[in-house]
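J.: Supplied in structure tokens, the structure appears directly below.
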Amino acid sequence: AFNFGGPSSSASLSGTGFGAATTTTASTGFGFGSSTTGAFGGFGATTAPVSSGSTFSFSTPSNTGGGLFGSTQNKGFGFSTGLASSGATGTGFSSTGLGFGGFGGIQSGQTQQGGLFNQQGSQSSHLINTASALSAPSVLSDERDSVLAKWNQLQAFWGTGRGYFNSSTPPVEFSQENPFCRFKAVGYSCVPETKDEDGLVALALSKKESDVRSQQQQLVESLHKVLGGNQMISVNVEGVRALPDDQTEVIVYLVERSPNGTSKRVPASTLHSFMEQMSVKSQLQQLSVVMTVSRTALSAAQLKQLLQNPPAGVDPIIWEQAKVDNPDPEKLIPVPMVGFKELLRRLKIQDQMTKQHQTRVDIISNDISELQVNQATTTAKITQYKRKLMDLSHRVLQVLIKQEVQRKSGYAIQLDEEHLRVQLETIQCELNAPTQFKGRLNELMSQIRMQNHFGAVRSEERYRVDADLLREIKQHLKQQQEGLSHLISVIKDDLDDIKMIEDQLHDGIHTRSSKLS
């Protein structure tokens with residue numbers, strides 16, 4: 001369900017939520033949550049180097065120590081829904097294609113503690129300037145300031161433009177993340193269920209699915225070269241899926257083989273952090289990779305913190321209502337949608353998923369049709385084999401009879417054979433008796449033949465007339481009957497008239513003859 005709401009309270013701006021960028025210069029992704037340690041990070045957040053314990057090294061990254069594969073980091077979670085600050089770019093993709101971004105790194109606590117106060121101060125200043133632009137601008141110091149205030153309110157509701165409130169102060173930039181923007185809604189997306197140990201990382205490529213599938217082996221080889229080209233690791237493709245706007249999602253994972261013959265998957269967080277390095281990202285962009293997302297499930301603490309903190313610009317009341325209306329809290333999580341572009345993006349992804357489901361349903365339907373055809377063919381073969389088995393059984397029985405006759409040839413009839421012969425003759429006599437089974441069988445056969453004959457005759461003569469047509473036939477026959485009755489009455493009147501004329505002529509002839517005489 002989508003809940004469009006009005007402006008939220010000022011508390012949603014003072015807290016950090018979706019799109020609240022941290023103060024460190026290395027953070028360029030979508031972030032939300034507070035800036036302290038344990039907060040959720042976003043795409044490309046630089047982390048403090050911690051040894052991962054892996055003995056394998058892609059190359060010598062600039063931000064890792066010891067030349068190992070990469071550095072582990074705390075799991076973070078971010079939505080790539082276009083809700084970030086001005087430094088964030090991209091729209092993102094996910095396992096369900098409905099707005100999940102991925103897991104980014106968490107910055108060190110000391111750096112974030114320093115940035116938290118700066119961020120809160122910047123938000124407070126921005127909130128005061130926004131309130132001044134919407135309520136009491138003092139640019140012209142006359143009645144035109146009230147018109148300017150209404151214009152600023154309209155821009156804030158629309159989520160675009162600049163709000164001038166003081167001639168000596170820069171204007172306020174109205175974005176769709178501001179709490180007064182009316183074009184907001186809350187949807188739901190699936191929570192990732194894969195673990196970090198599964199090592200799944202999704203790559204968004206700006207190519208069509210058909211092109212990616214045809215060049216899948218080349219893509220795997222290129223990724224292997226980008227990741228160091230070490231022969232102890234192998235790049236594997238988990239799945240390929242089409243995305244809107246002619247993009248394709250490719251899910252990959254790395255398998256690291258040790259000298260003793262064992263193998264294990266590289267954690268998703270480690271692989272994702274390595275791919276987010278600038279040198280590696282530039283090489284991935286040459287392979288048409290526009291985004292990398294780590295497929296990692298949320299921990300209970302991360303999920304709790306995510307639900308407790310409303311996103312930036314979303315009314316806490318609407319956020320609480322979205323949590324209450326969640327149809328499946330175990331599998332779905334509320335996701336803010338700000339602006340028509342985000343709504344259109346989700347609609348395209350939904351259409352894409354619907355097409356994929358319809359394709360899968362068509363495949364299942366074709367499989368069912370093939371199974372039905374195979375079942376019919378198998379049933380016919382089973383019937384044929386049963387009939388063949390019956391014929392072979394009769395042939396075997398005949399062979400056994402002849403063999404038994406040959407074996408018993410020259411021997412006298414034994415006592416049990418004599419008893420069997422007597423029983424068979426008795427059964428044969430009962431069957432041949434006219435009043436017994438043979439007569440009844442003949443009677444039943446004659447009745448069956450008669451029923452089949454009469455049934456065929458009745459089936460040929462059986463017909464059905466429509467009720468309206470039958471009514472018209474009755475009306476026509478009634479009119480014909482009335483016409484015949486009228487014609488009969490006319491003929492009777494004419495006959496009476498003719499009889500009267502004959503009588504008159506006969507009387508006139510007698511009168512004339514009497515006068516002449």
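J.: What residue, among those in segment 123-163 that are in a strand (DSSP E or B) and open to solvent by 50 Å² or more (accessible area, probe 1.4 Å), is nearest to Ala312 (Cα to Cα)?
T.: Arg162
J.: Now a separate question. Listed residues Glu249, Glu221, Glu238; which is under 17 Å from Val293 (Cα atoms), charged (D, E, K, R) and open to solvent by 70 Å² or more (accessible area, probe 1.4 Å)?
T.: Going through Glu249, Glu221, Glu238 in turn, just one is under 17 Å from Val293 (Cα atoms), charged (D, E, K, R) and open to solvent by 70 Å² or more (accessible area, probe 1.4 Å): Glu238.
J.: Say whether the condition of being among the hydroxyl-bearing types (Ser, Thr, Tyr), in contact with a Gly (Cβ under 9 Å, 6 or more places away or on another chain) and assigned to a strand (DSSP E or B) is met by at least one residue in segment 240-250.
T.: Scanning segment 240-250 turns up no residue that is among the hydroxyl-bearing types (Ser, Thr, Tyr), in contact with a Gly (Cβ under 9 Å, 6 or more places away or on another chain) and assigned to a strand (DSSP E or B).
J.: Another one. I'd like the full set of residues that are within 19 Å of Cys181 (Cα to Cα) and small (Gly, Ala, Ser), limited to segment 131-171.
T.: Those that are within 19 Å of Cys181 (Cα to Cα) and small (Gly, Ala, Ser): Ala131, Ser132, Ala133, Ser135, Ala136, Ala149, Ala156, Gly159, Gly161, Gly163.
J.: Applying the selection to segment 327-351, what residues are buried (at least 17 other Cβ atoms within 10 Å of the Cβ) and over 18 Å from Phe180 (Cβ atoms)?
T.: Of all residues in segment 327-351, those buried (at least 17 other Cβ atoms within 10 Å of the Cβ) come to 333-339, 342, 345-346, 349.
Result: Ile333, Pro334, Val335, Arg345, Arg346, Ile349.
J.: Within segment 202-239, which residues are in a strand (DSSP E or B) and either farther than 18 Å from Ala268 by Cα or free of Cβ contacts under 8 Å to residues at least 24 places away in the same chain (or both)? Before you say what the answer is, go through the steps one by one.
T.: In the first step, residues of segment 202-239 are kept if they are in a strand (DSSP E or B); the result is 202-205, 233-239.
Across segment 202-239, the qualifying residues are Leu205, Ser234, Val235, Asn236, Val237, Gly239.
J.: Then there is this: Can you name the residue in segment 164-201 that is in a strand (DSSP E or B) and over 30 Å from the mean Cα position of the chain (by Cα) and is also farthest from Met337 (Cα to Cα) among such residues?
T.: Asn166
J.: Restricting to segment 252-280, name every residue that is hydrophobic (A, V, I, L, M, F, W, C) and open to solvent by 70 Å² or more (accessible area, probe 1.4 Å). Walk me through it before giving the result.
T.: Looking only at segment 252-280, we keep the residues that are hydrophobic (A, V, I, L, M, F, W, C), and these are 252, 254-255, 266, 268, 271, 274-275, 278, 280.
Met278 - this is the single residue of segment 252-280 that is hydrophobic (A, V, I, L, M, F, W, C) and open to solvent by 70 Å² or more (accessible area, probe 1.4 Å).
J.: Report, ordered by the first and then the second residue, all pairs with beta carbons closer than 8 Å, sequence separation of six or more or different chains, a first member in segment 174-185 that is within 11 Å of Gly163 (Cβ to Cβ), and a second member that is open to solvent by less than 10 Å² (accessible area, probe 1.4 Å) and of a type in the set (A, V, I, L, M).
T.: That search, which allows pairs on different chains as well, returns Phe174/Ala156; Asn178/Ala156; Phe180/Ala156.
J.: Can you confirm whether segment 281-289 contains a residue that is touching an Asp or Glu at 6+ places or on another chain (Cβ under 6 Å), surrounded by 14 or more Cβ atoms within 10 Å (Cβ to Cβ) and either assigned to a helix (DSSP H, G or I) or in contact (Cβ under 8 Å) with a residue 12 or more places away in the chain (or both)? Full working, then the answer.
T.: Of segment 281-289, the ones touching an Asp or Glu at 6+ places or on another chain (Cβ under 6 Å) are none.
Scanning segment 281-289, I find no residue that is touching an Asp or Glu at 6+ places or on another chain (Cβ under 6 Å), surrounded by 14 or more Cβ atoms within 10 Å (Cβ to Cβ) and either assigned to a helix (DSSP H, G or I) or in contact (Cβ under 8 Å) with a residue 12 or more places away in the chain (or both), so the answer is no.
J.: Quick check on segment 315-326: of everything there that is open to solvent by 40 Å² or more (accessible area, probe 1.4 Å) and of a type in the set (A, V, I, L, M), which residue is nearest to Glu193 (Cα to Cα)?
T.: Filtering segment 315-326 for residues that are open to solvent by 40 Å² or more (accessible area, probe 1.4 Å) and of a type in the set (A, V, I, L, M), the one nearest to Glu193 (Cα to Cα) comes out as Val324.
J.: Among the residues of segment 298-313, is any in contact (Cβ under 8 Å) with a residue 12 or more places away in the chain, of a type in the set (Ser, Thr, Tyr), within 30 Å of Val252 (Cβ to Cβ) and in contact with a helix residue (DSSP H, G or I) (Cβ under 8 Å, 6 or more places away or on another chain)?
T.: no
The values are calculated or read from the model by the stated rules, or taken from the named source; none is laboratory data. Quick caveat, the model's predicted, so the values are computed rather than measured. Every residue, glycine among them, receives a Cβ derived from its backbone with ideal geometry; neighbour counts consider all protein chains shown. Ligands, DNA and RNA are stripped out before the accessible areas are found, and what is left, the full protein with its side chains, is counted by its heavy atoms. Shrake-Rupley method; radii C 1.70, N 1.55, O 1.52, S 1.80 Å.
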